[in-house]
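Colleague: Dropping the structure in here first, questions after.
The values are calculated or read from the model by the stated rules, or taken from the named source; none is laboratory data. In this text the structure is predicted, and so the values were computed from the model without any measurement. Cβ: placed from backbone, ideal geometry, glycine included. Neighbour counts: every protein chain shown.
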Amino acid sequence: MTSFRGLLKYFTVAACVLCSVKTVSAASDSGFKNRTTVLLAGDSIMEQATEPSVDGFISLLAGRYSRSADMIVRALSGYNTSTSKNLIKIVEKFQAVAPDSKMMMVTPTHVGDAARKKFAAERTDSKKGLLDRSNAMMKPYARACVEAAKEAGVSVLDLYSHFDAMTVTARDKLLVDGVHFNAAGHLVVDEKLRATILKEFPEVNDLLDTYQFPIVSRWMKDDPYVPETTK
């Protein structure tokens, strides 16, 4: 069977993000209960979502659920591949390794055209003036992600459609360079991700909202906390 290490490498070539939630054994002989594990994989947008300095949505998730789940992030900047069929292969690969996991695909998000045009104009290499991406260019990739999720039978969070429905001014204010989110943008993604988990995976939401006590819980019944006896 494919190892998790190999699977995570396979994930990083996705054009969108995959999020899986699975209960795994933290330590078989230590007395720990099974612990929920959240795996998030993707590109530089996912990578920067771990940054506390910009309130990255993964840092928000990790802080919120630190007592109930472990967050594993595998994100790689600037690594691209084919879209639809490869996304389905990625999902199938994960399903084969972790068939009981709950999976969600997240589409590529919007692009700030003005910022990317400015970036292109300011380049000093052979690609000066060449637009590397645009909001219109991103649309078919987002659509391909949605269709791939439907074909694979997994949930999908369509971030592109959510942001594209905003005015250009409103959505561009959520980006720092026309691609990556600022703190306000990460907050929107965090809210959308939480809402989708609650709607699509209520049982997972319950696990995330339930504190998991460490190994000392084995002695809680025998030696309960009594405020009156605590100095």
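Colleague: Considering every residue within the stretch 120-132, establish whether at least one is assigned to a loop (DSSP other than H, G, I, E, B) and of a type in the set (Ser, Thr, Tyr).
Modeller: Yes, the stretch 120-132 has at least one match.
Colleague: Being among the hydroxyl-bearing types (Ser, Thr, Tyr), on the phi < 0 side of the Ramachandran plot and touching a residue at least 12 places away in the same chain (Cβ under 8 Å), is that true of even one residue in the stretch 118-141? Give the steps one after another, and end with the answer.
Modeller: Let us first name the residues in the stretch 118-141 that are among the hydroxyl-bearing types (Ser, Thr, Tyr), namely 124, 126, 134, 141.
Within this subset, residues satisfying the condition of being on the phi < 0 side of the Ramachandran plot are 124, 126, 134, 141.
Now narrow it down to the ones that are touching a residue at least 12 places away in the same chain (Cβ under 8 Å): 134, 141.
Yes, the stretch 118-141 has at least one match.
Colleague: Does Arg74 satisfy the condition of being among the charged types (D, E, K, R), at pLDDT below 90 and assigned to a strand (DSSP E or B)? Let's see the steps before the verdict.
Modeller: Working: among the charged types (D, E, K, R): yes; at pLDDT below 90: yes; assigned to a strand (DSSP E or B): yes.
Yes; evaluated as a whole, the condition is true for this residue.
Colleague: Does Thr23 fit the bill of being modelled with pLDDT under 65 and closer than 21 Å to Thr196 by Cβ?
Modeller: Working: modelled with pLDDT under 65: yes; closer than 21 Å to Thr196 by Cβ: yes.
So Thr23 fits the description; yes.
Colleague: Scanning for something in contact with a strand residue (DSSP E or B) (Cβ under 8 Å, 6 or more places away or on another chain), outside any helix (DSSP H, G or I) and under 25 Å from Lys199 (Cα atoms), does the stretch 81-90 turn up at least one residue?
Modeller: Checked the stretch 81-90: no residue is in contact with a strand residue (DSSP E or B) (Cβ under 8 Å, 6 or more places away or on another chain), outside any helix (DSSP H, G or I) and under 25 Å from Lys199 (Cα atoms).
Colleague: Another question, then. Check whether at least one residue in the stretch 147-167 is surrounded by 19 or more Cβ atoms within 10 Å (Cβ to Cβ) and among the aromatic types (Phe, Trp, Tyr), and report yes or no.
Modeller: Among the residues of the stretch 147-167, at least one is surrounded by 19 or more Cβ atoms within 10 Å (Cβ to Cβ) and among the aromatic types (Phe, Trp, Tyr), which makes the answer yes.
Colleague: So the check is Cβ under 9 Å with 6+ separation or different chains; which pairs have a first residue in the stretch 157-181 that's over 23 Å from Glu47 (Cβ atoms) and a second one that's hydrophobic (A, V, I, L, M, F, W, C) and part of a loop (DSSP other than H, G, I, E, B)?
Modeller: Met166/Leu174
Colleague: Something else about it: Could you list, in sequence order, the residues of the stretch 133-172 that are assigned to a loop (DSSP other than H, G, I, E, B) and over 22 Å from Asn86 (Cβ atoms)?
Modeller: At the first step, the residues of the stretch 133-172 found to be assigned to a loop (DSSP other than H, G, I, E, B) are 133-134, 153-154, 158, 165-167.
Residues satisfying the conditions are Ser134, Ala165, Met166, Thr167.
Colleague: Which residues, counting only those in the stretch 168-182, are surrounded by 16 or more Cβ atoms within 10 Å (Cβ to Cβ) and either in contact with a Lys or Arg (Cβ under 7 Å, 6 or more places away or on another chain) or of a type in the set (Val, Ile, Thr) (or both)?
Modeller: Gly178, Val179
Colleague: Please indicate, with yes or no, whether at least one residue in the stretch 51-67 is more than 22 Å from Ala183 (Cβ to Cβ) and outside any loop (DSSP other than H, G, I, E, B).
Modeller: No: zero hits.
Colleague: Among the residues of the stretch 117-133, are any surrounded by 15 or more Cβ atoms within 10 Å (Cβ to Cβ) and touching a helix residue (DSSP H, G or I) at 6+ places or on another chain (Cβ under 7 Å)?
Modeller: yes
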